[in-house]
Amino acid sequence: MSGAPPAPEVQVEEVSPADPDAQYCLSQYFAELSQRFDSGFDPEQSLAPTLDDFQPPRGTFLVMRLHGRPVACGGFKPEESGAAYIKRMWVSPDARGHGLGRCLLQELEERALSLGYRKIRLETEKSLLEAQQLYRSFGYREVPPFNDELYAHQWFEKLL
């Protein structure tokens, strides 16, 4: 990773989305979204109801562990425009404020670039202000909607 490395007690690992730690993170993420979104959240209604495409050779799914405990996840898959499409990026509330989200996003970008992607896209929901701030601080620019994600209010992209 470029920039400041994460603390030694933080590990980032590429895993199958079916990995137990990935499933744990996703269940926590979905529960949080259900509470935060005005309309609740049902992953089956999202554009990525499964993470089948989030695996090599064109995708990835990462889990971050702090002192061996899974505290963050995120991945990308190929998007029809040829961009890497980030979804399911989450950091546990009790692990926020330590730069893990920045580390995770940087790792996703670097892996996308290493796989030949030159553009990365994502969308977010209006209540996820922290995510919007993170993306903007990384140089993502808001763009017109590029999909019909039910839970999206803002769409972003960045050239790698």
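Run the numbers on the chain and let me know its relative contact order in percent, using alpha-carbon pairs under 8 Å that are six or more apart.
Averaging sequence separation for qualifying contacts and normalising by length gives 21 percent for the chain.
Averaged over all directions, how much area does the convex hull of the C-alpha atoms of the range 1-120 cover when projected, in nm²?
Values: hull surface 30.6 nm².
With every direction weighted equally, the projected area is 7.7 nm².
For the range 17-24, take each phi angle, set θ = phi - 60°, evaluate the Karplus expression 6.51 cos²θ - 1.76 cosθ + 1.60, and give the result in whole Hz per residue in order, putting x for glycine and proline.
Per-residue couplings from phi come out as x, 7, 4, x, 5, 5, 5, 4 Hz.
What are the ³J(HN,Hα) couplings of the range 84-97, residue after residue, when phi is run through the Karplus curve with 6.51, -1.76, 1.60 and θ = phi - 60°? Round to Hz, x for glycine and proline.
Ordered by residue, 3J(HN,Hα) equals 7, 10, 7, 9, 6, 8, 8, 10, 4, x, 7, 10, 6, x Hz.
Loop sites only, by DSSP: take the trypsin sites (Lys or Arg not before Pro) in the chain that have at most 14 other C-beta atoms within 10 Å and name the longest stretch containing none of them.
By the stated rule (loop sites, at most 14 other Cβ atoms within 10 Å), 1-95.
Could you sort Leu150, Leu33 by their accessible area in this structure, using a 1.4 Å probe and putting the largest first?
Details: Leu150 105, Leu33 5 Å².
Listed by decreasing accessible area, they come as Leu150, Leu33.
What's the longest piece of the chain with no exposed GluC sites (Glu not before Pro), counting a site as exposed if DSSP puts it in a loop and it has at most 12 other beta carbons within 10 Å? Intermediate results must be reported in sequence, preceding the final value.
Numbers: sites that count: Glu9, Glu80.
Formally, the longest exposed-site-free interval is 81-160.
Using a 1.4 angstrom probe on heavy atoms only, work out the carbon and sulfur share of the accessible area of the chain in %.
51
Before I look further, what does the chain give for accessible area per residue, probe 1.4 Å, in whole square angstrom?
Values: 7920 Å² over 160 residues.
On a per-residue basis, 50 Å².
At a 4.7 angstrom Cβ threshold, list every cysteine in the chain that has nobody to pair with, or say none.
Cys with no partner Cβ under 4.7 Å: Cys103.
Considering only the other residues whose Cβ falls under 13 Å of the Cβ of Glu80, what net charge follows from Lys and Arg at +1 and Asp and Glu at -1?
With Lys, Arg at +1 and Asp, Glu at -1, the neighbours total +1.
For Phe37 and Phe138, compute 0.36 nm times the residue count separating them, minus their Cα-Cα distance, and round to one decimal in nm.
33.9 nm
Using the scaling law 2.2 N^0.38 Å as the reference, what is the normalised Cα Rg of the range 13-57?
In units of the globular-protein estimate, the range 13-57 measures up at 1.25.
Applying the Karplus parametrisation 6.51 cos²θ - 1.76 cosθ + 1.60 with θ = phi - 60° to the phi angles of the range 118-126, what ³J(HN,Hα) value in whole Hz is obtained for each residue in order, glycine and proline being reported as x?
Here the 3J(HN,Hα) series is 10, 9, 10, 10, 6, 9, 8, 8, 4 Hz.
The values are calculated or read from the model by the stated rules, or taken from the named source; none is laboratory data. Not measured: the values here are computed from a predicted model. Ideal geometry is used to build each Cβ from the backbone, glycine not excepted, and the neighbour counts take in all protein chains shown. Protein only, heavy atoms only, side chains kept; ligands, DNA and RNA dropped before computing areas. Shrake-Rupley method; radii C 1.70, N 1.55, O 1.52, S 1.80 Å.
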